[in-house]
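Engineer: A single structure is presented below for examination.
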Amino acid sequence: MTESETVTAARDDLGAAAPAAAPQRLRDPAGTIAHEPLRLGSVSKQYPGTQGPAVADVDLYIEPGEFFSLLGPSGSGKTTTLRMIAGFERPTQGRIWLGETEITGQPPHRRPIHTVFQNYALFPHMNVRQNVGYPLRMAGVAKAEIRARVEEFLARVAVSEFSERMPHQLSGGQRQRVALARALVAKPQLVLLDEPLGALDLKLRQEMQVVLQHLQREVGITFVYVTHDQGEALAMSDHIAIMAEGRVHQIGTPEDVYSRPQTTFVARFVGSTNLLECERDGSGAVCAGELPLRVVDAPEGGGFHLSVRPEVLRLGADASACDNRVEGLVEEAIYQGSDVQLRIRAAGHLIKARGPVGVYGPGETVTIGWNAADAVSIRDDAVPAVANGGAEAA
Amino acid sequence: MSAAARVPASAWRWLMTLPAIAWVVVLVIAPNAILVVYSFWKNEIFGIDHSFTLANYEAVVQSDTVITLMLRSLAIAGGAATMATLIAFPLAYVVVRYFGRYKFYAALLIIVPLWISFLMRVFSWKIILGENGILNGFLETIGIIDEPSSAFLYSPWAVGIVMTYVGIPYVFLASYTLLDRIPPNLYEAAGDCGASGWRTFRTVVWPIARPSVVIGFMLVFVLVFGDYVTPALVGGFSGTMVGTVVLQAFGGLNNWPYGAALAISTVAVSLIVLGLLSLLLRKRYVLEGETA
């Protein structure tokens, strides 16, 4: 399939799926915000003088009005992807569309897309009010309206009382809110957020997560959120794209990527898991090393990994009814408050499990068990080239 | 105990600041005080009359020559500082924004002339502007003039051109150090908010950079306003500036009280100009890495 065919096909999907899903998410009374989906078609970025692309062949479809996260470790290409959407970087290959308009070559100031920068990037010589009003001033909005809109958004992010302060007189959390107001005030199609909570302490971060989510729902603007914090992505997103080494490994709802990881990277990166390397023997039975296993969806041919989350593991007497059982030796028990994190050596594997407080200690023998349906098989040759072309919007 | 320990500490601190205080007193306050005192004395044939008089200042103010030279110096200093700023600030902007990792070397190339003697830098312009100079040769070759012109050298224009050249590294340094500290994401943020390149410059870069540009301008202005070397070398008679007469008063005329009054008047005019310029210096912002 050529590039343009791919795009046409994806747009057809979108035509069928989007109208059904989109209107429920639009909560702005004016109803004018976020009606354009964003689409990346086979986008790659190679920086001059570097080996290998920073972003390779990324296809994304982002629904109007959704909270979409790009999740990955540092160097995974998520920020580069965001910068290409914003227009700060030009893709080496591929195209970007906003609705029906191709924006691949548009300079940032012509795109209806605003960014919340990692270090906020507030203008140091303007006070809070002037900072927030800046996009409107650039858009040539009348003074009276700028004033009203700025007041509205300062109130939305709860910084009205600081409107006359200069950026250096604000705390990190307040700067964050001002940056957010500045990105939202002109009611763009899309707001891009580049690890906006990275510099805040834990408590403030949790508070801002709630603020962000509410704000996004209230104003009905599409959010594209870059983060390396899987907890953050799971908590806030409608859809998550998980990236590693410039490629998209999986796109799906938080539940999808957590409970049905498609690559071993996704299984490991999102939450905590036990990955067992599995093989089929001559008779077709599955075993992980020495350990024979019952697996419900074992792929035909080739090796695969079985992902077993710590929370699906049963211990001791609870394990007796499970499909898979194995004896193990507790090597480590780390007290976590509500439960104990266990590391258990069983049939040559080191298994992470959670147990009740004060029951299993190091050196004790324990039976571990899980039901075949609670584990997920991941093909070793799973190609990390995923297009979400509107498929899961249906 | 703690009080006993504190006394030597503060004494020590005094001792540490003593060299600085001595420096200021001996090399700044004392010479200027002497100059001020001299300006109120009167020159006699065989010495100096030590009674108070304002005659020297009257002579300064009533002299058409001094007024003319003062105005000419203002014009040349203002013109050279303006030209140096118009050239050096855009240069600094381009170097910071577009030279990437080579910006340091580019900056070095522009500042390198400062390592060469001031006299040499001025003198070399005689080779460029003179009758047998490079400029005349070039204009003759391309056929703009038929015979060498003496118009380029020995004029107020020559002084202005040379001082513009001399001033460029100063404005460049002042502009470069500040522009280099503007975080690159501010340019991106402005573009992101819908500002084109020019509006980013006007609404973000210039307001932040202005104080440092004004400082660069002031440096060049002060440097040019009191200069007598450049006018002597390339100014000719029509390029004489106020510094030249100050020098003559102390030198050839041997009239120190008059020279002192003339020098203090020059400093006063220059302070007035700097005072007005400093109104443009007000800065309300704090850049990353600075303390509020």
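The values are calculated or read from the model by the stated rules, or taken from the named source; none is laboratory data. These numbers come from a predicted model, not from an experiment. Here Cβ is always computed from backbone atoms with ideal geometry, including for glycine, and neighbour counts include all displayed protein chains. Heavy atoms of the whole protein, side chains included, go into the accessibility calculation; ligands, DNA and RNA do not. Shrake-Rupley method; radii C 1.70, N 1.55, O 1.52, S 1.80 Å.
Matching residues to (1) of a type in the set (Asp, Glu); (2) touching a residue at least 40 places away in the same chain (Cβ under 8 Å); (3) within 14 Å of chain B (Cβ to nearest Cβ):
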residue: A:Pro108; (1), (2), (3): no, no, yes
residue: A:Ala148; (1), (2), (3): no, no, no
residue: A:Glu164; (1), (2), (3): yes, no, yes
residue: A:Arg205; (1), (2), (3): no, no, no
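Engineer: Can I ask one more? Please go through segment B:140-163 and give me each residue that is aromatic (Phe, Trp, Tyr) and at pLDDT 80 or above, ordered by number. Let's see the steps before the verdict.
Structural biologist: If we filter segment B:140-163 for residues that are aromatic (Phe, Trp, Tyr), which is where we start, we get B:152, B:154, B:157.
Of everything in segment B:140-163, those that are aromatic (Phe, Trp, Tyr) and at pLDDT 80 or above turn out to be B:Tyr154, B:Trp157.
Engineer: Residues that are touching a residue at least 24 places away in the same chain (Cβ under 8 Å): find the helices (runs of 4 or more DSSP H) completely inside segment B:1-76 holding 1 or more of those.
Structural biologist: The helices (runs of 4 or more DSSP H) meeting that bar are B:30-39, B:55-62.
Engineer: Got a number for residues in segment B:75-110 being at pLDDT below 90 and either aliphatic (A, V, I, L, M) or touching a helix residue (DSSP H, G or I) at 6+ places or on another chain (Cβ under 6 Å) (or both)? Walk me through it before giving the result.
Structural biologist: Within segment B:75-110, the subset at pLDDT below 90 is B:100-101.
Then drop every residue that is not either aliphatic (A, V, I, L, M) or touching a helix residue (DSSP H, G or I) at 6+ places or on another chain (Cβ under 6 Å) (or both), which leaves none.
So the answer is 0.
Engineer: Got at least one residue in segment B:256-270 being polar (S, T, N, Q), surrounded by fewer than 16 Cβ atoms within 10 Å (Cβ to Cβ) and at pLDDT 90 or above?
Structural biologist: So the first thing to find is which residues in segment B:256-270 are polar (S, T, N, Q), and the list is B:265-266, B:270.
Cutting the leftovers down to surrounded by fewer than 16 Cβ atoms within 10 Å (Cβ to Cβ) gives us none.
Checked against the condition, which is being polar (S, T, N, Q), surrounded by fewer than 16 Cβ atoms within 10 Å (Cβ to Cβ) and at pLDDT 90 or above, segment B:256-270 yields no hits at all.
Engineer: Among the numbered conditions (1) free of Cβ contacts under 8 Å to residues at least 12 places away in the same chain; (2) within 30 Å of B:Pro207 (Cβ to Cβ), tell me where B:Phe250 comes up short.
Structural biologist: Failed condition: (2).
Engineer: So which of A:Ser76, A:Ser160 ends up being away from chain B (no Cβ under 14 Å) and surrounded by 22 or more Cβ atoms within 10 Å (Cβ to Cβ)?
Structural biologist: On the way: A:Ser160 fails: surrounded by 22 or more Cβ atoms within 10 Å (Cβ to Cβ).
After applying the criteria, what remains is A:Ser76.
Engineer: I've got another one for you. Using the structure shown, decide if B:Ala174 is closer than 11 Å to B:Phe89 by Cβ, crowded, with 23+ Cβ neighbours inside 10 Å and aliphatic (A, V, I, L, M). Full working, then the answer.
Structural biologist: On the way: closer than 11 Å to B:Phe89 by Cβ: yes; crowded, with 23+ Cβ neighbours inside 10 Å: yes; aliphatic (A, V, I, L, M): yes.
The answer is yes for B:Ala174.
Engineer: Please work out if B:Arg72 is open to solvent by 60 Å² or more (accessible area, probe 1.4 Å), among the basic types (Lys, Arg) and farther than 30 Å from B:Ala158 by Cβ. Before you say what the answer is, go through the steps one by one.
Structural biologist: On the way: open to solvent by 60 Å² or more (accessible area, probe 1.4 Å): yes; among the basic types (Lys, Arg): yes; farther than 30 Å from B:Ala158 by Cβ: no.
In short, no.
Engineer: Could you say whether any residue in segment B:87-106 is of a type in the set (Lys, Arg) and open to solvent by less than 40 Å² (accessible area, probe 1.4 Å)? If you could, list the steps in order and put the result at the bottom.
Structural biologist: First pass over segment B:87-106, keeping only residues of a type in the set (Lys, Arg): B:97, B:101, B:103.
If we keep only those that are open to solvent by less than 40 Å² (accessible area, probe 1.4 Å) as well, we get none.
Within segment B:87-106, not a single residue is of a type in the set (Lys, Arg) and open to solvent by less than 40 Å² (accessible area, probe 1.4 Å).
Engineer: Could you please give the count of residues in segment A:247-281 that are outside any helix (DSSP H, G or I) and either of a type in the set (Asp, Glu) or touching a helix residue (DSSP H, G or I) at 6+ places or on another chain (Cβ under 8 Å) (or both)? Lay out the reasoning, then the answer.
Structural biologist: Here is the first cut: in segment A:247-281, the ones outside any helix (DSSP H, G or I) are A:247-253, A:260-263, A:270-281.
From the residues that got through so far, the ones that are either of a type in the set (Asp, Glu) or touching a helix residue (DSSP H, G or I) at 6+ places or on another chain (Cβ under 8 Å) (or both) too are A:249-253, A:261, A:270-275, A:277, A:279, A:281.
Selection size over segment A:247-281: 15.
Engineer: Kindly indicate the residue of segment B:116-137 that is β-branched (Val, Ile, Thr) and either outside any loop (DSSP other than H, G, I, E, B) or modelled with pLDDT under 80 (or both) and also farthest from B:Val229 (Cα to Cα) among those meeting that condition.
Structural biologist: Checked segment B:116-137; the qualifying residue farthest from B:Val229 (Cα to Cα) is B:Ile134.
Engineer: Does A:Thr92 meet the test of being more than 13 Å from chain B (Cβ to nearest Cβ), surrounded by fewer than 21 Cβ atoms within 10 Å (Cβ to Cβ) and closer than 26 Å to A:Leu40 by Cα?
Structural biologist: On the way: more than 13 Å from chain B (Cβ to nearest Cβ): yes; surrounded by fewer than 21 Cβ atoms within 10 Å (Cβ to Cβ): yes; closer than 26 Å to A:Leu40 by Cα: yes.
When the stated conditions are applied, A:Thr92 passes them.
Engineer: Kindly indicate whether B:Glu140 is open to solvent by 10 Å² or more (accessible area, probe 1.4 Å), at negative phi, acidic (Asp, Glu) and assigned to a helix (DSSP H, G or I).
Structural biologist: Yes: the conditions hold for B:Glu140.
Engineer: Tell me, which helices (runs of 4 or more DSSP H) lie completely within segment B:149-231 with 3 or more residues that are closer than 26 Å to A:Leu193 by Cα and either within 14 Å of chain A (Cβ to nearest Cβ) or among the hydroxyl-bearing types (Ser, Thr, Tyr) (or both)? Spell out how you get there, then give the answer.
Structural biologist: On the way: elements: B:156-179, B:184-192, B:197-200, B:206-225.
It comes to B:184-192, B:197-200.
Engineer: Within segment A:252-302, which residues are of a type in the set (Val, Ile, Thr) and open to solvent by 50 Å² or more (accessible area, probe 1.4 Å)?
Structural biologist: Looking only at segment A:252-302, we keep the residues that are of a type in the set (Val, Ile, Thr), and these are A:253, A:257, A:263-264, A:266, A:270, A:273, A:286, A:295-296.
Of everything in segment A:252-302, just one residue is of a type in the set (Val, Ile, Thr) and open to solvent by 50 Å² or more (accessible area, probe 1.4 Å), namely A:Val296.
Engineer: In segment B:232-251, what count of residues is obtained for those that are of a type in the set (Gly, Ala, Ser), open to solvent by 40 Å² or more (accessible area, probe 1.4 Å) and either within 14 Å of chain A (Cβ to nearest Cβ) or touching a helix residue (DSSP H, G or I) at 6+ places or on another chain (Cβ under 8 Å) (or both)? Before the answer, list the steps.
Structural biologist: Just the residues of segment B:232-251 that are of a type in the set (Gly, Ala, Ser), to begin with: B:232, B:235-236, B:238-239, B:243, B:249, B:251.
From what's left, open to solvent by 40 Å² or more (accessible area, probe 1.4 Å): B:232, B:238, B:251.
From what's left, either within 14 Å of chain A (Cβ to nearest Cβ) or touching a helix residue (DSSP H, G or I) at 6+ places or on another chain (Cβ under 8 Å) (or both): B:232, B:238.
Summing the residues that are of a type in the set (Gly, Ala, Ser), open to solvent by 40 Å² or more (accessible area, probe 1.4 Å) and either within 14 Å of chain A (Cβ to nearest Cβ) or touching a helix residue (DSSP H, G or I) at 6+ places or on another chain (Cβ under 8 Å) (or both) in segment B:232-251 gives 2.
Engineer: Let me ask something else. Return yes or no: is A:Leu204 over 26 Å from A:Val312 (Cβ atoms) and open to solvent by 10 Å² or more (accessible area, probe 1.4 Å)?
Structural biologist: Numbers: over 26 Å from A:Val312 (Cβ atoms): yes; open to solvent by 10 Å² or more (accessible area, probe 1.4 Å): yes.
So A:Leu204 passes the test.
Engineer: Does A:Pro124 satisfy being assigned to a loop (DSSP other than H, G, I, E, B) and either away from chain B (no Cβ under 13 Å) or crowded, with 22+ Cβ neighbours inside 10 Å (or both)? Before you say what the answer is, go through the steps one by one.
Structural biologist: On the way: assigned to a loop (DSSP other than H, G, I, E, B): yes; either away from chain B (no Cβ under 13 Å) or crowded, with 22+ Cβ neighbours inside 10 Å (or both): yes.
Yes; evaluated as a whole, the condition is true for this residue.
Engineer: Right, another one. Just a yes or no: is a residue in segment B:273-291 closer than 16 Å to B:Arg72 by Cβ, buried (at least 19 other Cβ atoms within 10 Å of the Cβ) and at pLDDT 85 or above?
Structural biologist: Residues of segment B:273-291 that are closer than 16 Å to B:Arg72 by Cβ, as a first pass: B:273.
From the residues that got through so far, the ones that are buried (at least 19 other Cβ atoms within 10 Å of the Cβ) too are none.
Scanning segment B:273-291 turns up no residue that is closer than 16 Å to B:Arg72 by Cβ, buried (at least 19 other Cβ atoms within 10 Å of the Cβ) and at pLDDT 85 or above.
Engineer: What number of residues within segment A:187-201 satisfy the criterion of being open to solvent by less than 60 Å² (accessible area, probe 1.4 Å) and either part of a helix (DSSP H, G or I) or under 20 Å from A:Pro167 (Cα atoms) (or both)?
Structural biologist: Our first condition is that a residue be open to solvent by less than 60 Å² (accessible area, probe 1.4 Å); within segment A:187-201, this holds for A:188-198, A:200.
Subsequent filtering for residues that are either part of a helix (DSSP H, G or I) or under 20 Å from A:Pro167 (Cα atoms) (or both) retains A:193-198, A:200.
Result for segment A:187-201: 7.
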